[in-house]
Amino acid sequence: MMKPDFSKMTRQELRAYVLENREDDDAIEVLIKTANPNAVRYSYHLTDEQMNEILKNYLKKKQGN
């Protein structure tokens with residue numbers, strides 16, 4: 001089976017492909033490399049309350065736009 005050209009796929013298409021082909025390490029690697037470098041990263045040390053507050057603030061900000 002020939003693999004698709006991952007460089008021509010949109011991020012959504014690539015994500016859908018990876019979800020259907022979880023064993024395809026090449027596709028997973030490309031998906032990881034195309035991640036948004038400006039994405040906010042959160043510590044895993046946050047409590048549930050802190051994460052809930054972050055999510056509430058995010059949703060408020062998103063609704064305001």
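Structure values in brief
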{"quantity": "Sole residue being at pLDDT 95 or above, out of contact with any Cys (no Cβ under 8 Å at 6 or more places or on another chain) and of a type in the set (Phe, Trp, Tyr), chosen from Tyr58, Tyr17", "calculated": "Tyr17"}
{"quantity": "Selection count where residues are under 14 Å from the mean Cα position of the chain (by Cα) and basic (Lys, Arg), scope the stretch 23-65", "calculated": "2"}
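Residue-by-condition table, conditions (1) among the charged types (D, E, K, R); (2) surrounded by 10 or more Cβ atoms within 10 Å (Cβ to Cβ); (3) under 24 Å from Tyr58 (Cα atoms):
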position: Lys3; (1), (2), (3): yes, yes, no
position: Lys8; (1), (2), (3): yes, no, no
position: Leu14; (1), (2), (3): no, yes, no
position: Asn36; (1), (2), (3): no, no, yes
position: Arg41; (1), (2), (3): yes, no, yes
position: His45; (1), (2), (3): no, no, yes
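The values are calculated or read from the model by the stated rules, or taken from the named source; none is laboratory data. Just so you know, these numbers come straight off a predicted model, no measurement behind them. Positions of Cβ are generated from backbone atoms using ideal geometry, with glycine treated the same way; all protein chains shown enter the neighbour counts.
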